[in-house]
Structure formats: C-alpha cells, structure tokens
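Shown next, in structure tokens, is the structure this report addresses.
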Amino acid sequence: MKYFRDDIDESLPWAKQEQIRQRRMMAYLRQLEKLRDRISKPAFWFFAHGFCDESLHDGRLLSFVAGDGLAYVPDRSIPFRVSRPKSSVVIQILNFHNDALYTFRYKGLRRIICDKPPHRHFTNADDFDDLLMYELTQVNDHYLRHEYEFASGASIIVEFRQLIFRRQPIRGQRSRSSRRSSCFVPNA
C-alpha cells in the first residue's frame, strides 16, 4: 500500500494522527484523479467516493480466480489452444452489510500476487478475514495496480491494463434499518 498504510505512530496525539490520515487521503485522491480516463466512470466513482455504505471495509472475499481461460467453455467445440485464451483475474467481494456484490475483472495482466501468511492471532484460521483496506494506483503509463489487505494479514495485488467493475445490489428479506451503521474512511 502506498497511501493507506497502517504505519502511523500511535504515540502521536490523535489530532496529529488524523492530520496524517487526511493528508494521505488527499494525496490518494489527487493521484486517483490522474487515473480518471483509464477506468470506467462507475469504477472511478467507487475508488474516489466509495466510503461509508459504499465501502468494502469489513467486506468478505467470496472468490479470487485467475487463469488463462476463465470464459472458456470446455465442450470440445473449440480446442482450448485455438481459442487464443488470455489471462485474467476475477475477484468478488461481498460488502459488510451483505447487500451488494462487487466484482472486479482484470485483463491485460502484468503481475498477480496473493500472499496469505499464517494468521497472526489464530493458528488454525483458514480464511482471509475482513477486508481492511484497498487502493488503486498507477504502476506506469500502461499498467494500474489494485491492492487489497485483509485482517488476517493476507494481501492480493493485481497489476493490469483493463478493469471491468460491477456493483450488483442484493435484494432480500433483511431490512436496511437493522444494519450496523458505520462510516469508514481508509487510513488515509
């Protein structure tokens, strides 16, 4: 993480810590503005304004899939190698309130890193745990980087050329009034 690092000295006064977070948030938003033309309008809005109820903080990773033929159907109609597969990654995250599914599809891959070290608090924990923070940054003129950090210490980094972003509301019986209200602005 470049902007949303958890490295602020906790011995500093709270006001100073908040000042550092706000300065980092403003720097993140300035660099994100430079990426506006490289991602879709909904994706830009999410990364620039997707906090509070639109945030993925405390969301859960449903799936992380990478491969050369995610869209390939193995029905023997077209041989796999003839279909000219392209590597891609799909990550799906369910938000904390369980009322929206976020899908990130990455194409034109440069690098994928998934690091899931042993959980630092529990010896038998086998989940990624809650999503703590995420940020979108530029690698160079051709590639972007999307990083995720989870409460377990796990992280996912995807460097890519194209992002296809989708937020799908989930309808159901649970009323919005029963939701825990929280507004999280990443450690900026």
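Just one of (1) among the acidic types (Asp, Glu); (2) in contact (Cβ under 8 Å) with a residue 24 or more places away in the chain; (3) exposed (fewer than 15 other Cβ atoms within 10 Å of the Cβ) trips up residue 58, so point out which. Single failed check for residue 58: (3). For region 83-92, the criterion of being touching a residue at least 24 places away in the same chain (Cβ under 8 Å), surrounded by 12 or more Cβ atoms within 10 Å (Cβ to Cβ), out of contact with any Ser or Thr (no Cβ under 8 Å at 6 or more places or on another chain) and within 19 Å of residue 167 (Cβ to Cβ) is satisfied by at least one residue.
When residue 11 is tested against (1) modelled with pLDDT of 90 or more; (2) in contact with a helix residue (DSSP H, G or I) (Cβ under 8 Å, 6 or more places away or on another chain), just one condition goes unmet, and that condition is (2). On the basis of being charged (D, E, K, R), assigned to a helix (DSSP H, G or I) and out of contact with any Gly (no Cβ under 7 Å at 6 or more places or on another chain), does residue 37 make the cut? Yes, satisfied. In region 40-92, of all residues being closer than 18 Å to residue 3 by Cβ and in a loop (DSSP other than H, G, I, E, B), the one that is modelled with the highest pLDDT corresponds to 56.
The values are calculated or read from the model by the stated rules, or taken from the named source; none is laboratory data. For clarity, every value in this text was computed on a predicted model and none was experimentally measured. Every residue, glycine as well, gets a Cβ built from its backbone with ideal geometry; the counts of neighbours run over all protein chains shown.
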